[in-house]
Amino acid sequence: MSTKISIQTGQKENRWRLAWSQQLFRKKIALGFALNIPILVAFPLFFQYIEHRKGTQLNDILLNQIPAENVSFFIFFIIWSMALLTLIRAINQPEIFVTFLYAFFFISISRMVTITLVPLDSPEHLIPLIDPLSNSFYGKSFVTKDLFYSGHVATQFLIYLCLKNRFDKILAILSTITVAVLVLIQHVHYSIDVLAAPPFAFVCFRIGRSIAKKGIKF
């Protein structure tokens, strides 16, 4: 039994070494960062632009039934706990890392496109979401019009899709559902923003995974 465990541990430790030994993998990692860094740099400018844009306030029947409450701490805790879990798993599984890297890029691009094409004003009774880490990408002021579709929910669902372990996936799908409910409770999104997030995340995941796995041995 101990021999089997040591062999499995060694296999996990060698996954990054095996992947990194492939020139194509190193190029994919470099390209993934090269694509994401300009997006992260552009985010503050983009979000400040859409914040000053006139949009439409929706009459959301579901949201109207939910009293607004500040649940920023719980959203922050869940999101970054799952991000940490994903990072820990990626230490042993390079496929998770490179898949997330590309899928996150496509989520970011698609959100910029959908937010631009669907100009919305913030929901009534919105309470600004306080997240010291995420808010650093939004610029100097709170952003309330980055609505269609929800990046918080999409990222949680992307984590669910990327993770391999059954228990991890259960945690991730529960975190996705919980964050979806919490952003509605805080009125930072319309229900359509939340419902649209998983399908968009799924498409971005499939594209990201296809790029990550093509030509690489993990």
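Readers should treat all values here as calculations from the given coordinates under stated rules, not as data from a laboratory. Just so we're clear, the structure is a prediction, and the values are computed from it rather than from any experiment. When we count neighbours, we look across all protein chains shown, and the Cβ atoms used for this are built from the backbone with ideal geometry, even at glycine.
Counting beta carbons within 10 Å around each of Thr56, Thr155 and listing the fewest first gives the order Thr56, Thr155. Calculate the length of the line joining the C-alpha centroid of the range 168-186 to that of the range 82-117, in whole Å. One Cα centre to the other: 17 Å.
Per-residue Karplus couplings for the range 16-22, computed as 6.51 cos²θ - 1.76 cosθ + 1.60 with θ equal to phi - 60°, are listed in order as 5, 5, 4, 5, 5, 6, 8 Hz, Gly and Pro entered as x.
Cβ crowding within 10 Å ranks Asp146, Asp121 as Asp121, Asp146, fewest other Cβ atoms first.
Which of the residue pairs Lys27/Lys217; Lys54/Lys145; Lys169/Lys217 have a Cα-Cα distance greater than 21 Å in the structure shown? Result: Lys169/Lys217 exceed 21 Å. Treating r as the C-beta distance of Glu69 and Leu174 and R0 as 25 Å, the FRET efficiency rounds to 0.80.
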